[in-house]
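None of the figures in this text is laboratory data; all of them are computed from the coordinates on show. Model, not experiment: these values are computed from the prediction. Cβ placement follows ideal geometry from the backbone for every residue including glycine, while neighbour counts extend to all protein chains displayed.
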Amino acid sequence: MSSLITALLFTLGGCTDSAAELLMTCDGGNMDACYRDGNAAANAARPRYSEARKLYQKACLPTFRGSGRPEENHPEACHALAQLVRGAKGGPKDLPRAAELFEIACRGGIKDACVDLGIAVYAPPEGSEVREEPERAVELFFSACNEVDLTDLPAEGAAPLARACEALGHAYEDGKGVEKGAKDLEKAAELYQKACDAQYAAGCVSAGLLMVRSRSKAKIEEAAALFERGCKLDARHGCFDLAKLHEEKAWSAADDELAASFYRKSCAIDPTRGCYEAAWLMEQGKVTFREGEIESLYNQACDHGHTAACTKRNLE
């Protein structure tokens, strides 16, 4: 829209070069520029989330004013703003507003926002004032998951939309929002596997956990392979679960050294998980360790709220 205005002003002879340049900026009303500037602020080495919120809102604001001019709305900016509002970045958390923004972005054609909207309304936290709509969430998940084509995956996978497959799997595992409200573990497993095959690490973990919960010894080795796959895709997922299987000697290939290794991987990316467990294996003499490593791991765990680790900080 701003480029059209620029062209018209030039045609009428009423626009200087500096005025034309202004029209291409966020201050000049260019919504694309607001979105780009918001991204620059949010993704800076030291993120400026408060500034990013304001910039994204400038691009998304006309929708809230009811301007009736959809060309002024920037769905990508609404989605980005919703993610900041949901995550309490740059300002307070406001889940109802985040859901509204996800709705706007979803209607604007942002499939990933439709998944976020589904997650927001599937099972809102108690007291969040977000309306619970599991049936609608399932519809949103189903639509997005159908977009995942395992025969034509991008090199980086299809993780954004594959989230919908995993979320839909949980709906079938819970029997919530799905046909007849009946649990279907076979369908859940199929959807988790699809998410995993689309290179979404959490899908691999959900598939593995479903196998572990089946209590079938025959499934444990397969679950371990899924956890390892998730761990390789994203160390935040699968590494801890795989370490636990190794520590519990859940199958014949289980090994304490590997348990400690995977616990350390978890610890490196999320000190709330894995640091204490790795140190405990070392303290028991089950695995090798470097001088000072046990205390260092306990300290990391304690610093991130692990009460039991705090009681062990001053080991001799």
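Per residue, the convex hull around the alpha carbon atoms of the range 121-276 comes to 135 Å³. In plain terms, the residue of Val178, Val130 with the fewest other Cβ atoms within 10 Å comes first and the most crowded comes last, giving Val130, Val178.
Please state the shape class of the range 255-316: rounded when a/c is under 1.5, otherwise prolate if a/b exceeds b/c and oblate if not, all from the C-alpha gyration tensor. Oblate, because a/c is 1.5 or more while a/b does not exceed b/c. In the range 174-285, with Lys and Arg counted as +1 and Asp and Glu as -1 at Cβ, which of these residues, Cys196, Leu226, Trp251, has the Cα nearest the positive end of the dipole, that is, farthest along it? Value computed over the given set: Cys196. The ranking of Glu129, Glu277, Glu283, Glu76 by Cβ neighbour count inside 10 Å, starting from the fewest, reads Glu129, Glu283, Glu76, Glu277. Contact order, relative form, for the chain: 7 percent (alpha carbon pairs under 8 Å, 6 or more residues apart, mean separation divided by residue count). In terms of surrounding Cβ atoms within a 10 Å radius of their Cβ, Cys60, Cys145 rank from fewest to most as Cys145, Cys60. Rounded to the nearest 20 debye, the dipole size of the range 255-316 about its Cα centre is 160 debye, using +1 on the Cβ of Lys and Arg and -1 on the Cβ of Asp and Glu. Distances between every pair of Cα atoms in the range 151-198, grouped in 10 Å steps from 0 to the bin holding the largest one, split as 32, 44, 20, 4 percent.
A protection proxy built from the mean count of other Cβ atoms within 10 Å ranks the segments 93-102, 252-261, most packed first, as 93-102, 252-261. Rounded to the nearest 20 debye, the dipole size of the chain about its Cα centre is 500 debye, using +1 on the Cβ of Lys and Arg and -1 on the Cβ of Asp and Glu. For the range 229-316, applying the loop criterion from DSSP together with a ceiling of 11 other beta carbons within 10 Å to the trypsin sites (Lys or Arg not before Pro) yields Arg290. If one computes P(r) from the Cα atoms of the chain, what percent of pairs lie at distances over 36 Å? Summing the P(r) tail past 36 Å for the chain gives 35 percent. Within a straight-line Cα-Cα reach of under 21 Å, Lys93 can be paired with the following lysines, leaving aside sequence neighbours fewer than 8 residues apart in one chain: Lys54, Lys58. For a straight C-alpha distance cut-off of 23 angstrom, the lysines reachable from Lys232 (same-chain residues fewer than eight places away being disregarded) are Lys194, Lys219, Lys244, Lys249, Lys265.
Counting Lys +1, Arg +1, Asp -1, Glu -1, what net charge surrounds Asp256 among other residues with beta carbon under 14 Å of its beta carbon? In short, -2. Note on the range 222-287: semi-axes of the ellipsoid equivalent to its C-alpha gyration tensor, largest first and rounded to whole Å, are 17, 15, 7.
Each Cα pair under 8 Å and six or more residues apart adds its separation to the average, and for the range 255-316 the resulting relative contact order is 28 percent.
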